[in-house]
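To start, the structure under review is shown below, and the notes come after it.
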Amino acid sequence: MERKLKGKLKNIKLLILDVDGVMTDGRIIMDDEGREIKQFDVRDGHGIKLIQRYGIKVVFLTGRKSEVVKYRARDLEIKEVYQKIFNKKEIFARILRKNKLDSNAVAYIGDDIIDIPVLKAVGFSAAVFDALTVVKKSVDYVTKSSGGRGAVREVCDLILQAQGVWPEIAAKYEFTEHL
């Protein structure tokens, strides 16, 4: 990991995630009765649980409103969920105040133009591999994985590595330190 990237990740205390296109592949499936279905990657969920165990808080900040998002947040023990948000930067300021954090202690993962103002404001910004080109040009890091397919896990692992806890995780799960 390059030194500049590691420096930005080292002090992250909060990870904010867009949902559609980041936690999911961006597709919205609806049945005949209008019920919404989304697919989430179990490895992304495990990455979230890992960073939570090491004291990093996770927040969902999404432009759509969906019951499925509330269920997934509950499953992952994410207490702060903001849905149907069109001005994400305004809510970002509220999140900073609520959590008493400086923007440099926050990471954000996005995929669409609505995310750009927050991506430019945080200490570490990432776009998923299949994000819009303009978004990818606005971030510190572009994941190798697509949204809903391990991109969140990739960033969680980078944070844990930069913060020096990766050897402890490797020992706990009995694998060699470097993946």
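The numbers here are math on the coordinates, done by the rules we state, and not lab data. None of these values were measured; they are calculated from a predicted model. Note that we place each Cβ from the backbone using ideal geometry, even for glycine, and neighbour counts take in every protein chain shown.
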Item to complete: Read through the list (1) of a type in the set (Lys, Arg); (2) in contact with a strand residue (DSSP E or B) (Cβ under 7 Å, 6 or more places away or on another chain); (3) not in a helix (DSSP H, G or I), then give the number of the only condition that LYS84 fails.
Response: (2)
Practice prompt. Give the residues of the stretch 157-178 that are within 19 Å of ASP44 (Cβ to Cβ) and in a helix (DSSP H, G or I), sorted by residue number.
Written response: ASP157, LEU158, ILE159, LEU160, GLN161, ALA162, TRP166, ILE169, TYR173
Practice prompt. Kindly indicate the residue of the stretch 134-153 that is outside any loop (DSSP other than H, G, I, E, B) and free of Cβ contacts under 8 Å to residues at least 60 places away in the same chain and also farthest from PHE40 (Cα to Cα) among those meeting that condition.
Written response: VAL134
Discussion item. Looking at the stretch 76-86, can you tell me whether even one residue there is closer than 16 Å to ILE116 by Cα and free of Cβ contacts under 8 Å to residues at least 40 places away in the same chain?
Written reply: yes
Practice prompt. Give ILE95, ILE78 a once-over and let me know the one that is surrounded by 18 or more Cβ atoms within 10 Å (Cβ to Cβ) and part of a helix (DSSP H, G or I).
Written response: ILE95
Discussion item. Quick check on my filter: what residues within the stretch 117-133 are outside any loop (DSSP other than H, G, I, E, B) and either farther than 22 Å from ALA151 by Cβ or under 14 Å from the mean Cα position of the chain (by Cα) (or both)?
Written reply: VAL118, LEU119, PHE124, SER125, ALA126, ALA127
Worksheet item: Which of the residues belonging to the stretch 16-53 are within 13 Å of the chain's Cα centre (by Cα) and either assigned to a loop (DSSP other than H, G, I, E, B) or closer than 17 Å to GLY63 by Cα (or both)?
Response: ILE16, LEU17, ASP18, VAL19, ASP20, GLY21, VAL22, MET23, THR24, PHE40, ASP41
